[in-house]
C-alpha cells in the first residue's frame, strides 16, 4: 500500500501522467455538460442544415451529419457511451483476471499448471472473431458488448496477478500470518489483495484503451452500439461513408477517439514506469 | 528441432479442436437461421432445406458430421452463396488477404526496426523525440480512423491514388490498404526496437567492438541487430493477430474481396458455415505463425534450445 502511494505521488509529479489524466477528466466533464447546455438534441434533425460544415453562427460547432443532427451533441454522447463501455468492460476483465490469477498463484501446484495452460490456449485464439460471433448470437445487446469485451481482456491481468501473488506468497509477512493460523481466505483478502492494488491499477489503465478499441471496432463494423444510440466508433463509420461531402464527420470523432486513446496510453505507460522503477530500485 | 516441431504441431490439435467446437456451438446458439427470409416458404420446402443441410438432425450429430468433414478438409456448403462451397469461397478470397497481410507485415517490420534503431542511436535528441511522438500517435490512432483519413487525403483531395479496389487495376491500389494496416504495427515495432536496442548498445560486448574500432553501421549490422530483434520477434504473434483484425475493417473500407470482408458479411447474413470456416482458417494461421516465430528464436539466438 505504501509503495502504491509513493508511486502515485511520483506519478502526480510526472508531466505526461499529469497532463493526460487532466485531459481525460476535462474531456469527460465537457462530454457530460455539453448536452445539458446545448440548444440541440442528439436526435432532432435540422432539415435546413443537412451536412452543414462546422459553424458557430448556425449553432452547430461541429457541423451536422447526413440527417441534419448536431454533431457536437452526438460526439459528446459517443464519448460518454465509449467511456462507459470501456470502464464496465475493464471492470469485468479486472474481476475475472484478478480472481483467476490470485487463485492460480496462491493455490499453486497442479491447479496453477492447469489454469495457466488454459490461459496459454486461450491466448492462441483469434478472439475478435469470437466477439463478432457473440455479437451476432446475442443480437447486438447493449449489455453483451460489455461482457464480450471484458471476457477477452482478462488474460494479461490473470498472468500479471498470478506472478505477483506467487512472489507475495513467499514473503515473510504472509508466512508469518500462515504460521499464526490465519485462514487462506483472510490471507488473500487482507494481506495479498492490498499489495496487488498498485499493479492492478496500472494494468486497468492499459486495458481501458484496449476495451475502447474493441468497442469502436465493433461499432465501426455495425456490430456494436446501435442507432439511435451512438459511440465514437459508430460516428467514425458514419463519417467514412460521407468522406467526399463532410470531412468533419470523420475527422472530429476520429480525432477525439485518438486523443482519448493516446491519453490512456500515456497514463498507463507512465504509471507502469513508476512501478518498474520501484521494483528495480 | 524436428521432434520439437512435430510435438508443437500435435499440441495445436486440441487448440484447434476447441476453436471448432466453440465456434460451432456459438453459431448454432444464435436465434434465427440463415434461411429466414421475408417470404414465407411452404412448410415442406423449409423441411427440405433443413434436411438438405442436415439442420434437422440433433446437435451432437451435426457437430460430429461437421468435425469429420473438417478433418477431411471439407468446410461444407455456404448457406448464403448458393452453389458455392466454403472451400471455393475461401480459396478465391484467401490469396488477396494473405498478400495484403504479408506486404503489411514486411513493411511494418522493415520500417519499424529502421525507425526504432534510428531513434535508439540518437537517444534523447530531438529526432528521437519526434520519432517516438509519431510512434505514440501511430499506436493511438485505430486502423478504422487512419484508413478513411488516408483515403480522404490521398484519394479524394490529392487524387494521387485510387480510393477503392475496383476503381483501378494497377498495383497502386494496394498501397493505401497496406500502409493503413502497417502503420500501427510500425509504431509498436519502433518502440520495441528502440527500447531493446538501447539495452543492447549499452552492453559490454558492444563497447568492446567499438574499442576495436568498428564503425556504428558495422556494430549494428553484425553485433546489435540480432539480439535487439528478440523482443520484436516475440511481438510477431500479436502483430499477426492485429493485422488479421485490421484486415476486417481495411477490406471493408477499400472494398477488397478478401476473407475479412467475407467474415463480416457472413456474420451479418448468418452464413454460419462460411463464418466457421474462416474462424478455423484464421485460427490455424495464427497457430502456425506462432510456431514459426518460436522456431525463429533459435535462428536469432543460438543459446535457445528446443526441448
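The values are calculated or read from the model by the stated rules, or taken from the named source; none is laboratory data. These figures come from a predicted structure and were not determined experimentally. All Cβ positions, glycine included, derive from the backbone under ideal geometry; neighbour counts span all protein chains shown.
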Notebook entry, point to check: Residue check, residue A:226 against (1) away from chain B (no Cβ under 14 Å); (2) surrounded by fewer than 21 Cβ atoms within 10 Å (Cβ to Cβ), all met but one. Which one?
Noted result: (1)
Margin query: Can you say whether residue A:258 is assigned to a helix (DSSP H, G or I) and either at pLDDT 85 or above or under 17 Å from residue A:209 (Cα atoms) (or both), as far as the supplied structure shows?
Written below: yes
Note to self: So, residue B:74, is that one surrounded by 12 or more Cβ atoms within 10 Å (Cβ to Cβ) and at pLDDT 85 or above or not?
What the structure shows: no
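Residues are listed down the side, and each one gets a yes or a no for (1) out of contact with any helix residue (DSSP H, G or I) (no Cβ under 8 Å at 6 or more places or on another chain); (2) under 24 Å from residue A:233 (Cα atoms); (3) assigned to a helix (DSSP H, G or I):
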{"position": "B:225", "(1), (2), (3)": "no, no, yes"}
{"position": "B:247", "(1), (2), (3)": "no, yes, yes"}
{"position": "B:257", "(1), (2), (3)": "no, yes, no"}
{"position": "B:278", "(1), (2), (3)": "no, no, yes"}
{"position": "B:291", "(1), (2), (3)": "no, no, yes"}
{"position": "B:297", "(1), (2), (3)": "no, no, yes"}
Margin query: Quick check on residue B:270: is it farther than 25 Å from residue B:116 by Cα and within 14 Å of another protein chain (Cβ to nearest Cβ)?
Written below: yes
Notebook entry, point to check: From the list A:86, A:104, which residue is buried (at least 23 other Cβ atoms within 10 Å of the Cβ), in a helix (DSSP H, G or I) and modelled with pLDDT under 85?
Noted result: A:86
Check: How about the stretch B:110-145: which of its residues are within 20 Å of the chain's Cα centre (by Cα) and not in a helix (DSSP H, G or I)?
Finding: B:141, B:142
Item checked: Qualifying residue in the stretch B:183-203 (condition: away from every other protein chain (no Cβ under 14 Å), under 30 Å from residue B:84 (Cα atoms) and buried (at least 24 other Cβ atoms within 10 Å of the Cβ)) -> no
Checklist line | Hey, residue A:202 within 14 Å of chain B (Cβ to nearest Cβ) and crowded, with 20+ Cβ neighbours inside 10 Å or not | finding: no
Next item on the list: Spot the failing condition for residue B:117; the list is (1) buried (at least 16 other Cβ atoms within 10 Å of the Cβ); (2) under 24 Å from residue B:18 (Cβ atoms), and only one is missed.
Entry: (2)
Next item on the list: State whether one or more residues within the stretch A:108-125 are crowded, with 21+ Cβ neighbours inside 10 Å, within 14 Å of chain B (Cβ to nearest Cβ) and under 19 Å from residue A:214 (Cα atoms).
Entry: yes
Next item on the list: Would you tally the residues in the stretch A:1-59 being at pLDDT 80 or above and within 30 Å of residue A:272 (Cα to Cα)?
Entry: 16
Next item on the list: Hey, could you check the stretch A:238-254 for residues that are modelled with pLDDT of 85 or more and farther than 14 Å from residue B:153 by Cβ and say which is nearest to the other protein chains (Cβ to nearest Cβ)?
Entry: A:253
Notebook entry, point to check: So residue B:135 clears everything in (1) within 19 Å of residue B:248 (Cβ to Cβ); (2) touching a helix residue (DSSP H, G or I) at 6+ places or on another chain (Cβ under 6 Å); (3) without any contact (Cβ under 8 Å) to a residue 60 or more places away in the chain except one condition, right? Which one?
Noted result: (1)
Next item on the list: Restricting attention to the stretch B:213-235, report how many residues are surrounded by fewer than 19 Cβ atoms within 10 Å (Cβ to Cβ) and either within 14 Å of chain A (Cβ to nearest Cβ) or within 18 Å of residue B:140 (Cα to Cα) (or both).
Entry: 1
Margin query: Suppose we filter the stretch A:152-176 for residues that are part of a helix (DSSP H, G or I) and surrounded by fewer than 17 Cβ atoms within 10 Å (Cβ to Cβ); how many remain?
Written below: 7
Next item on the list: Would you check if there is a residue in the stretch B:129-152 being out of contact with any strand residue (DSSP E or B) (no Cβ under 7 Å at 6 or more places or on another chain) and more than 14 Å from chain A (Cβ to nearest Cβ)?
Entry: yes
Margin query: The conditions are (1) facing another protein chain (nearest Cβ under 9 Å); (2) in contact (Cβ under 8 Å) with a residue 40 or more places away in the chain, and residue B:289 fails exactly one of them. Which is it?
Written below: (1)
Notebook entry, point to check: What's the number of the condition residue B:263 fails, among (1) surrounded by fewer than 23 Cβ atoms within 10 Å (Cβ to Cβ); (2) closer than 30 Å to residue B:53 by Cβ?
Noted result: (1)
